[in-house]
Amino acid sequence: MITLNEAEAVEIGLSAAKERDERRFFQALDSLTGIAADFLSESEDADAQRVILSIEDIAEAATEEEMELVTINSVLALGKLAKTSAEDGYESALIKAFIAIGRLGRIAAVHSLEAGSKVAATTLMEIWNLSRQRQNQEKIIAFSLLFKEIGVCGARQGAEEIVLNAANCLGEIGKKVAAENYEFETVSTLLLLEEIGKFAAEKYLDKALSSIELSIEEIGKLSLKKGLNDAVLQSQWALETLRVQAEERLMTNSSIVAEMALDSFKDTGYTSAEEIEKFQEIKNLQKKILSTLLFKKSINTPKLNRSS
């Protein structure tokens, strides 16, 4: 296969997406991936970031055309670049790559591309686990928001498997941060699971909603064990909210799961204004980070460097 230079690869990739020509697209993707890898090996982080954005550009165009195999291969290519960036300490390139993967997963979910969305979520989870030792508060929330966006977009399309996969990944993050006593991040995850659950209820996705409720219960139990009182409270609130929505829509299984999950917690009683303020602070930070994640992009790396 002929290796293209960067400009040629971008032009051919965009043209191939428009014409739904997989062969030419893969030629462009392979060339850009190789160029980005070479830049990383030469410690040219800024150049690698630029090429990662170019890969996202052509992959997004193909995903909008519902070229699912192209989406999958693009995500896998970005995943390899993200892993190389993580292993070699190129933080800015890593951030660019995982955000690109999340956005592609979101677009795939919008178009009900189940396999493309699943590969994006699975790859994101692999990257999160690989880079866990260098996680900070804003980066954890960024990963969580990307899973939430994939899940919500899948729910809007009534694509239950997309919702299940994204919510399961988000639940895993919630359990891990709860186990590590990160209460702020745990509450954030619970809020996002509740949001996916609301959309799942609206579309009568009983299996997905039940799974989300079980994840919330597991995170809540861990939080109870760790003494994360705000997270326990949010677990209860989320389960009660989802229980009511399930009952209103006659979703029997989800109603029972939520009711049984609520039995795992004692009544926390009084809710203080301070707790409500904390939860609002978390929602405000989520909103701020999400606007960065979904903003169609510049070469400047999003600022995800706030310490835990």
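Read-outs throughout are calculated quantities, based only on the coordinates presented, and are distinct from any laboratory measurement. These figures come from a predicted structure and were not determined experimentally. Cβ sites come from the backbone with ideal geometry, for glycine too, and all protein chains shown count toward neighbours.
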Alpha carbon centroid spacing (whole Å) that separates the range 142-165 from the range 46-111: 18
Name the shape class, rounded, prolate or oblate, that the alpha-carbon gyration tensor gives for the range 124-230, where a ≥ b ≥ c are the square roots of its eigenvalues, rounded holds for a/c under 1.5, and otherwise prolate holds if a/b is larger than b/c and oblate otherwise. oblate
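So for the range 1-134, Kirkwood radius off the Cα pairs, Stokes-Einstein at 20 °C and 1.002 mPa s: how many µm² s⁻¹?
The calculation lands on 150 µm²/s.
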Checked the range 150-202 against the a/c 1.5 cut and the a/b vs b/c comparison, axes a ≥ b ≥ c from its Cα gyration tensor; verdict prolate
Label point 7 Å out from LEU76 along Cα-to-Cβ: which residues of the range 130-158 have amide N under 20 Å? 130
Per residue of the range 151-168, in order, report the coupling 6.51 cos²θ - 1.76 cosθ + 1.60 (Karplus, θ = phi - 60°) as ³J(HN,Hα) in whole Hz, putting x for Gly and Pro. x, 5, 5, x, 4, 4, 8, x, 8, 5, 5, 5, 4, 4, 5, 5, 5, 5
Using only the alpha-carbon atoms, how far is helix 114-130 inclined from the longest principal axis of the chain? Give it as 0 to 90 degrees, nearest 10. 80
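If Rh is defined by the Kirkwood formula over all Cα pairs and Rg also comes from Cα, what ratio Rg/Rh do you get for the range 136-180? Don't skip to the answer; put the middle values down first.
Values: Rg = 11.1 Å, Rh = 10.7 Å.
Taking Rg over the Kirkwood Rh, I get 1.04.
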May I ask for the angle, rounded to the nearest 10°, between helix 22-41 and the longest principal axis of the chain, with both axes built from Cα atoms and the value confined to 0 to 90°? 80
Please give every one of the lysines within straight-line cross-link reach of LYS207, meaning a C-alpha to C-alpha distance under 24 Å, and leave out same-chain neighbours fewer than 8 residues apart. LYS118, LYS148, LYS175, LYS176, LYS198, LYS221
With all pairs of different alpha carbon atoms counted, what Kirkwood hydrodynamic radius in Å does the range 210-266 show? 11.0
With volume of the Cα convex hull per residue in Å³ defined as stated, name the option among (1) 155; (2) 110; (3) 144 computed from the structure displayed. (2)
With Rg from the Cα atoms and Rh as the Kirkwood inverse mean 1/r over Cα pairs, the range 147-295 has an Rg/Rh of 0.95
